Amino acid sequence: MSVYGHVAVGAALGSLAPHPAVALALGAAAHIPADLVSHRDLNRAAELLMAAAALILYTWLGGLKLTIALGAVGGALPDVESLFRGGEKLFPSHSRLLRHGGARPAWDALVQLAVVVTMAAWVVWAPAFW
Ligand SMILES: [Zn+2]
């Protein structure tokens, strides 16, 4: 998943978290299954810009809750190694341990769009149910 997708999933999980540290850990843990979704990575500047925009958007949608912001940060955090580490990566879904979802035809963009819209709806409406 692209970084903005990880931010979206992390934010949604953060909305469920009872504590900021739990939100951060849930976001980071969710990075692994989300990376298995086929996707194409954009260039570094586009990824950073879209991730920052997503962080601001989801935090705002969620009523500026710290757990949502930290869940989103946790979701993106594993991709920091891609900024600084060339060659073999350490995070499980970036290493050879688990296969990173490869780029697929156009429908992979639709999957990511569906995920980010669903996560936005979750962040906005799910708190009403608990
Ligand atoms: Zn990743």
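The values are calculated or read from the model by the stated rules, or taken from the named source; none is laboratory data. Bear in mind that the values here come from a model prediction, so they are computed numbers and not experimental data. In this analysis, Cβ positions are derived from the backbone assuming ideal geometry, glycine residues included, and neighbour counts consider all displayed protein chains.
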Which pairs do you get when a residue that is part of a loop (DSSP other than H, G, I, E, B), found in the stretch 75-101, comes within reach of a residue that is modelled with pLDDT under 80 and more than 10 Å from the ligand (Cβ to nearest atom), reach meaning Cβ atoms under 7 angstrom, with the pair 6+ apart or on two chains? P92/L98; G101/S38
Within the stretch 1-32, how many residues turn out to be in contact (Cβ under 8 Å) with a residue 60 or more places away in the chain and part of a helix (DSSP H, G or I)? 14
Identity of the residue in the stretch 18-39, over 18 Å from F91 (Cα atoms) and surrounded by fewer than 22 Cβ atoms within 10 Å (Cβ to Cβ), that ends up farthest from the ligand (Cβ to nearest atom): P18
If you check A106, A45, A76, A52, which single one turns out to be in contact with a Leu (Cβ under 9 Å, 6 or more places away or on another chain) and either closer than 30 Å to P127 by Cα or surrounded by fewer than 21 Cβ atoms within 10 Å (Cβ to Cβ) (or both)? A76
Kindly indicate the residue of the stretch 55-73 that is surrounded by fewer than 22 Cβ atoms within 10 Å (Cβ to Cβ) and of a type outside the set (A, V, I, L, M) and also farthest from H19 (Cα to Cα) among those meeting that condition. W60
